1. Output the number of residues of region 90-122 satisfying the condition of being of a type in the set (D, E) and within 17 Å of the chain's Cα centre (by Cα).
2. So, in region 36-50, exactly how many residues are under 15 Å from P110 (Cβ atoms), in contact with a strand residue (DSSP E or B) (Cβ under 7 Å, 6 or more places away or on another chain) and surrounded by fewer than 20 Cβ atoms within 10 Å (Cβ to Cβ)?
3. Is it the case that region 94-105 has a residue that's modelled with pLDDT of 95 or more, within 16 Å of Q5 (Cβ to Cβ) and open to solvent by 40 Å² or more (accessible area, probe 1.4 Å)?
4. State all residues of region 107-122 that are open to solvent by 30 Å² or more (accessible area, probe 1.4 Å) and either of a type in the set (A, V, I, L, M) or under 12 Å from V55 (Cα atoms) (or both); if no residue qualifies, say none.
5. Just a yes or no: is a residue in region 18-28 modelled with pLDDT of 95 or more, on the phi < 0 side of the Ramachandran plot and surrounded by fewer than 19 Cβ atoms within 10 Å (Cβ to Cβ)?
6. Applying the selection to region 72-106, what residues are touching a strand residue (DSSP E or B) at 6+ places or on another chain (Cβ under 8 Å) and not aliphatic (A, V, I, L, M)?
7. Across region 51-90, which residue is least open to solvent (accessible area, probe 1.4 Å) among those that are more than 17 Å from T111 (Cβ to Cβ) and of a type in the set (D, E)?
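The values are calculated or read from the model by the stated rules, or taken from the named source; none is laboratory data. On a predicted model such as this, the values are computed, not experimentally measured, just so you know. Positions of Cβ are backbone-derived with ideal geometry, glycine not excepted, and every protein chain shown enters the neighbour counts. Note: accessible area is taken over every heavy atom of the protein model, side chains too, but ligands, DNA and RNA are not part of it. Shrake-Rupley method; radii C 1.70, N 1.55, O 1.52, S 1.80 Å.
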Amino acid sequence: MNRQQRYFRIPFIRPADQYKDPQNKKKGWWYAHFDGPWIARQMELHPDKQPIVLVAGKDDMEMCELSLEETGLTRKRGAEILPRQFEEIWERCDGMQYLKKAIENKQARPTYATAMLQSLLK
């Protein structure tokens, strides 16, 4: 479990809203936690919808399939955030409960995040 942990946040606009909203009021945020080269947790925050929280193992088909290097996020200025910035939003969006349930149902892939949550629960 000594893989590098990296956290990212990038803005996005849904393609359907791109030209309807010149003031970018419909801008959302995409958050990602990479455990080594692969994504472990992901969130999508939309201004007019419930947050989408995803974890590796349970939600692989809906998550980013690219490796960290392939995403280009490490070269995107301002995209990398501090772990606590990610965790604050993760907790606010009920990510801890979602991950806990995935672990209990043996759906979560073993990652740094699952190990940390399991150690907190002991």
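1. Selection size over region 90-122: 2.
2. Residues in region 36-50 being under 15 Å from P110 (Cβ atoms), in contact with a strand residue (DSSP E or B) (Cβ under 7 Å, 6 or more places away or on another chain) and surrounded by fewer than 20 Cβ atoms within 10 Å (Cβ to Cβ): 0 in total.
3. Among the residues of region 94-105, not one is modelled with pLDDT of 95 or more, within 16 Å of Q5 (Cβ to Cβ) and open to solvent by 40 Å² or more (accessible area, probe 1.4 Å), which makes the answer no.
4. Q107, R109, P110, Y112, A115, M116, L120, L121
5. No: region 18-28 contains no residue that is modelled with pLDDT of 95 or more, on the phi < 0 side of the Ramachandran plot and surrounded by fewer than 19 Cβ atoms within 10 Å (Cβ to Cβ).
6. T74, K76, E80, P83, Q85, F86, W90, C93, D94, G95, Y98
7. So the residue we want is E80.
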